[in-house]
């Protein structure tokens, strides 16, 4: 992994963005907790997403569906049979790996790229055999085989097949299940979308790349329903492709590290006619950040057949249609790590290194930090006054402990755009000093004008 990535992992722990889960018990592989500033950053990203794709529009509506769904849902959607990765095992250590990842890493180390996502076990096995690929520990590998990603659980106190359920492996199915409810309660006109954000669970084989691939993670997603007779799907596809790129850039992702990649036919999901990934250049190569899929009418049609419920859209003239669907998907957990990497800055200031996160104002966990020059009651009183004024609109904090220089450094590392210093002159002139995170310029401003 790169030096930058290691620095982000360290900063995330030190400054309260992301912690290893269950750390006092030795941790849990591929599981992480979000600290105070991590939760704030994640919420800010999510809120910006809802603002751009729901609040700023009139054609997209929200739902929040259950995490545990009836197993018939996953049978109808095809996930029970097809939601799989291909696993391979080190025959000496018994460590398990995704076969496609081992192959891609093998070629990446040789300076080339080879996309094998979606190939079946036999095809992956042939590539491994042909190139003599070994495990990361240098040992022979077992035969490749499929491994289902759904987390299975039991409902109720009696074990048995009749009580089997699954944690959701995607949030799309909860949207499709509520299509009829949205139709009945809101009477939207095609085309329209249904959006939600939430956790999904996948029993994935991970390589330990921090939060890049974990057992549970956050997605933001909407299904955009349309009549293919009235709307050209290619034109809609291009429209949403532009929108997901716009959102990435607004969040502060480095455009030079982004690319769109069309899925080859062999890697398309069972429901997709076309899928593109908006990929980000991680230290280990280009990998998916966002995605856009044309799911046709696969999901609504299958749920209609399996549930025996009418999931058609009915026009005022009585015409019925099963809408087709475009699905923009945004990986929230992955995006957060990307933003930390792209916002990370180091510079030399008066002979010492300064680290800061150049996060957009709207996403920064804390907008203003109010810092009394020293821990004196009269200065704290003014700081509290400033806090009460600004906190009505912005997330702020008052920081009292440590020298003013150390407090500046902490706020720089959590990405606070502005530090407001209250000094003894503030008691006389009613002004405070505002320090800009990025330029370090300081400006004296009246408290009344804040």
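Could you tell me whether any residue of segment 101-121 is at pLDDT 85 or above and over 20 Å from residue 266 (Cβ atoms)?
no
Please find, among 264, 227, the residue that is farther than 28 Å from residue 151 by Cβ, out of contact with any helix residue (DSSP H, G or I) (no Cβ under 6 Å at 6 or more places or on another chain), at pLDDT below 95 and assigned by TED's automatic domain parsing to the domain that holds residue 201.
Only one candidate passes the filter, namely 264.
Can you name every residue in segment 342-361 that is in contact with a strand residue (DSSP E or B) (Cβ under 6 Å, 6 or more places away or on another chain) and part of a helix (DSSP H, G or I)?
343
Could you run through segment 295-341 and say how many residues are assigned to a helix (DSSP H, G or I) and in contact (Cβ under 8 Å) with a residue 24 or more places away in the chain? Quick ask: steps written out before the conclusion?
Pass one, segment 295-341, residues assigned to a helix (DSSP H, G or I): 298-307, 332-341.
With in contact (Cβ under 8 Å) with a residue 24 or more places away in the chain added as a condition, the list becomes 298-300, 302-303, 305-307, 332-341.
So the count comes out to 18.
Before we move on, is residue 267 farther than 25 Å from residue 232 by Cα and surrounded by fewer than 22 Cβ atoms within 10 Å (Cβ to Cβ)? Working first, answer last.
Values: farther than 25 Å from residue 232 by Cα: no; surrounded by fewer than 22 Cβ atoms within 10 Å (Cβ to Cβ): yes.
When the stated conditions are applied, residue 267 does not pass them.
Need the failing condition index for residue 306 against (1) surrounded by 15 or more Cβ atoms within 10 Å (Cβ to Cβ); (2) touching a helix residue (DSSP H, G or I) at 6+ places or on another chain (Cβ under 6 Å); (3) modelled with pLDDT under 95, just the number.
If we test residue 306 against (1) surrounded by 15 or more Cβ atoms within 10 Å (Cβ to Cβ); (2) touching a helix residue (DSSP H, G or I) at 6+ places or on another chain (Cβ under 6 Å); (3) modelled with pLDDT under 95, just (1) comes out false.
Among the residues of segment 386-397, write down those that are surrounded by 14 or more Cβ atoms within 10 Å (Cβ to Cβ) and either within 18 Å of residue 430 (Cα to Cα) or outside the structural domain of residue 370 (by TED's automatic domain parsing) (or both).
Once the filter is applied, which keeps residues that are surrounded by 14 or more Cβ atoms within 10 Å (Cβ to Cβ) and either within 18 Å of residue 430 (Cα to Cα) or outside the structural domain of residue 370 (by TED's automatic domain parsing) (or both), segment 386-397 yields 386, 387, 389, 390.
Which members of segment 17-45 meet the condition of being on the phi > 0 side of the Ramachandran plot and surrounded by 19 or more Cβ atoms within 10 Å (Cβ to Cβ)?
As a first pass, look at segment 17-45 and keep what is on the phi > 0 side of the Ramachandran plot: 22, 26-27, 30.
30, the sole residue that qualifies.
Against the condition in contact with a strand residue (DSSP E or B) (Cβ under 8 Å, 6 or more places away or on another chain), closer than 26 Å to residue 341 by Cβ and part of a strand (DSSP E or B), how does residue 220 come out, does it pass?
Numbers: in contact with a strand residue (DSSP E or B) (Cβ under 8 Å, 6 or more places away or on another chain): yes; closer than 26 Å to residue 341 by Cβ: yes; part of a strand (DSSP E or B): yes.
Yes.
Taking residue 361 and the conditions (1) surrounded by 15 or more Cβ atoms within 10 Å (Cβ to Cβ); (2) in contact (Cβ under 8 Å) with a residue 40 or more places away in the chain, which numbered condition does it fall short on, given that it satisfies the others?
Unmet condition: (1).
In this structure, does residue 280 turn out to be under 27 Å from residue 186 (Cα atoms) and either part of a strand (DSSP E or B) or modelled with pLDDT of 95 or more (or both)?
Values: under 27 Å from residue 186 (Cα atoms): no; either part of a strand (DSSP E or B) or modelled with pLDDT of 95 or more (or both): yes.
In short, no.
Hey, residue 165 hits all of (1) surrounded by fewer than 12 Cβ atoms within 10 Å (Cβ to Cβ); (2) at pLDDT below 90 but one; which does it fall short on?
(1)
Can you say whether residue 256 is within 25 Å of residue 47 (Cα to Cα), surrounded by fewer than 16 Cβ atoms within 10 Å (Cβ to Cβ) and within 20 Å of the chain's Cα centre (by Cα), as far as the supplied structure shows? Lay out the reasoning, then the answer.
Numbers: within 25 Å of residue 47 (Cα to Cα): no; surrounded by fewer than 16 Cβ atoms within 10 Å (Cβ to Cβ): yes; within 20 Å of the chain's Cα centre (by Cα): yes.
Here the answer is no, as residue 256 does not meet what is asked.
If you scan segment 187-246, which residues turn out to be surrounded by 16 or more Cβ atoms within 10 Å (Cβ to Cβ) and without any contact (Cβ under 8 Å) to a residue 40 or more places away in the chain?
Selection gives 200, 245.
Which ones in segment 29-48 are touching a residue at least 40 places away in the same chain (Cβ under 8 Å) and not in a helix (DSSP H, G or I)?
29, 30, 31, 32
The values are calculated or read from the model by the stated rules, or taken from the named source; none is laboratory data. All figures in this text were calculated on a predicted structure; none of them were measured in a lab. Using ideal geometry, Cβ is built from the backbone for each residue, glycine included, and neighbour counts are taken over all protein chains shown.
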